[in-house]
Amino acid sequence: MAKIHRTAIVEDGALLGADVDIGPYCIVGARVRLGDGVRLQAHVVIEGEAEVGPRTIVHPHAVLGGPAQYRNDTGEGARLIIGADNVIREHVTMNVGSTKGGGTTRVGQKGYFMAYSHVAHDCEIGDGVTFANGVALGGHVIVGDEANIGGQAAVQQYSRIGRNAFIGGLTGVPNDVIPYGIAEGRRARLVGLNLIGLKRKGLPRERIHALRAAFRAIFTGDGRLFDRAEAAKQKWREVPEVQEITGFILADAKRSICVPTRLADDEEE
C-alpha cells in the first residue's frame, strides 16, 4: 500500500506501485507511473508522461518529466522512462523527449545522479552510471553503462560517451569519448584508458595489455584515425574491449572522436 503525506498532491490517473512512499509537498502528475518501492522524499515534482522504476529514491527538489528545453517543441507523445534502483539527488532535472527527436528520454538502472545534474531531452543513459554534482547533458546524448562523469562537466548535444568512460570534472565534451577512455580539459582531450576501472572489473592482465597496445596503435600511429581503428580491429579480433572501441569509432565516419592533445593538434594543422 502506498504511503502519501497529507501535503503531497497526487493527481487522478497516476499509477502507484506497492509500498511507494511520497513525502511532504511532492507533486505527482496524472500520467506518472511509479514502480514498487519508489521513494519521493520531499518537494519532488514528477510531471508529464514519466515512469520511475522500482526502488528508485528521489531526493528533495528534483524535477522529473519536465518539457524538453527545445524551442517550439509541441511535446506531443513525449515521455521519460527511468529504470530501477536509481538514486536521484537534490535538484536533479530530467526532461522528456522532444517531438522531433523521437519523443523518449531513457535512463537505465542503478545510476547515481548527484545534486543539480541535468539529463536533457532524448538522451539515452545506460546502467550503473555516476553523474557528479552539476553535470549537464545536452539533448540526444548517449552515455554507456558504468560511465563516470565528473562534477560540472558539460556534454554537447548528440555526443556519445562510451561504456566505462571517465570524464574529468569541469570538462567540456564536444566530441565522442571512446569506451574505457579518460577525457579531461576545457575542451576534452583523451588522456588515456580507465585502467583502474578495468582492474576493478577483474579484467585479465593480458587483455589490459592488449587494450593498451591497441590504444597506442589507434591514437599514435601513422595515417587516418579510421584506418588505424580498422587495422586494430583486425589485429586484436579476440579482445572484446578492442572490438568495442573500434566498433565505436567505425560506427560513423562522419562523427568527431575525442583524441589525445598531440593528435588533435596535428589534425588541426
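Of all residues in the stretch 102-131 being of a type in the set (S, T, Y) and not in a loop (DSSP other than H, G, I, E, B), which is farthest from V141 (Cα to Cα)? Working first, answer last.
Kept after step one, since they are of a type in the set (S, T, Y), are these residues of the stretch 102-131: 104-105, 112, 116-117, 130.
Now narrow it down to the ones that are not in a loop (DSSP other than H, G, I, E, B): 104-105, 112, 130.
Details: T104: 12, T105: 10, Y112: 17, T130: 15 Å.
It comes out as Y112.
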> Which one of R212, R228 is part of a helix (DSSP H, G or I), surrounded by fewer than 17 Cβ atoms within 10 Å (Cβ to Cβ) and modelled with pLDDT of 95 or more?
Replying inline: R212
> Inside the stretch 7-46, can you point out the residues that are farther than 23 Å from A68 by Cβ, open to solvent by 60 Å² or more (accessible area, probe 1.4 Å), out of contact with any His (no Cβ under 8 Å at 6 or more places or on another chain) and assigned to a loop (DSSP other than H, G, I, E, B)?
Replying inline: D12, D19, D36
> With respect to the numbered conditions (1) open to solvent by 50 Å² or more (accessible area, probe 1.4 Å); (2) under 30 Å from G17 (Cβ atoms); (3) part of a strand (DSSP E or B), which one is the sole condition not fulfilled by T99?
Replying inline: (3)
> Considering only the stretch 207-229, how many residues are over 27 Å from the mean Cα position of the chain (by Cα) and farther than 25 Å from I196 by Cβ?
Replying inline: 6
>> Looking at the stretch 62-69, can you tell me whether even one residue there is under 23 Å from E11 (Cβ atoms) and β-branched (V, I, T)?
In response: yes
>> Which count do you get for residues in the stretch 190-204 that are modelled with pLDDT of 95 or more, in contact with a helix residue (DSSP H, G or I) (Cβ under 9 Å, 6 or more places away or on another chain) and of a type outside the set (A, V, I, L, M)?
In response: 1
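Between T7, T93, T56, which is among the hydroxyl-bearing types (S, T, Y) and under 23 Å from Q152 (Cβ atoms)?
On the way: T7 fails: under 23 Å from Q152 (Cβ atoms); T56 fails: under 23 Å from Q152 (Cβ atoms).
Being among the hydroxyl-bearing types (S, T, Y) and under 23 Å from Q152 (Cβ atoms) holds for just one of T7, T93, T56, which is T93.
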> For D265, which of the numbered conditions (1) modelled with pLDDT of 95 or more; (2) out of contact with any strand residue (DSSP E or B) (no Cβ under 9 Å at 6 or more places or on another chain); (3) surrounded by 11 or more Cβ atoms within 10 Å (Cβ to Cβ); (4) not hydroxyl-bearing (S, T, Y) fails to hold?
Replying inline: (1)
> Would you pick out the residues in the stretch 50-76 that are out of contact with any strand residue (DSSP E or B) (no Cβ under 8 Å at 6 or more places or on another chain) and open to solvent by less than 60 Å² (accessible area, probe 1.4 Å)?
Replying inline: P54, P60, D73, G75
> In the list R255, R237, which residue meets the criterion of being open to solvent by 40 Å² or more (accessible area, probe 1.4 Å) and under 24 Å from V173 (Cβ atoms)?
Replying inline: R255
>> Looking at the stretch 170-191, I want the residues that are on the phi > 0 side of the Ramachandran plot and have a partner that is among the aromatic types (F, W, Y) and open to solvent by 40 Å² or more (accessible area, probe 1.4 Å) with Cβ atoms under 7 Å, at least 6 apart or on another chain. Which pairs are those?
In response: none
> Looking at the stretch 193-209, which of its residues are β-branched (V, I, T) and open to solvent by less than 60 Å² (accessible area, probe 1.4 Å)?
Replying inline: I208
>> So, in the stretch 77-96, how many residues would count as being in a strand (DSSP E or B) and surrounded by 24 or more Cβ atoms within 10 Å (Cβ to Cβ)?
In response: 5
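Condition check ((1) under 10 Å from the mean Cα position of the chain (by Cα); (2) crowded, with 23+ Cβ neighbours inside 10 Å; (3) polar (S, T, N, Q); (4) farther than 20 Å from A84 by Cβ) across all residues:
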position	(1), (2), (3), (4)
V129	yes, yes, no, no
G139	no, no, no, yes
A165	no, yes, no, yes
G169	no, no, no, yes
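The values are calculated or read from the model by the stated rules, or taken from the named source; none is laboratory data. From a predicted model like this one, the values you see are computed outputs, not experimental measurements. Because the Cβ atoms are built from the backbone with ideal geometry, glycine has one as well, and the counts that use them run over all protein chains shown. SASA here: full protein model, heavy atoms, side chains in, ligands and nucleic acids out. Shrake-Rupley method; radii C 1.70, N 1.55, O 1.52, S 1.80 Å.
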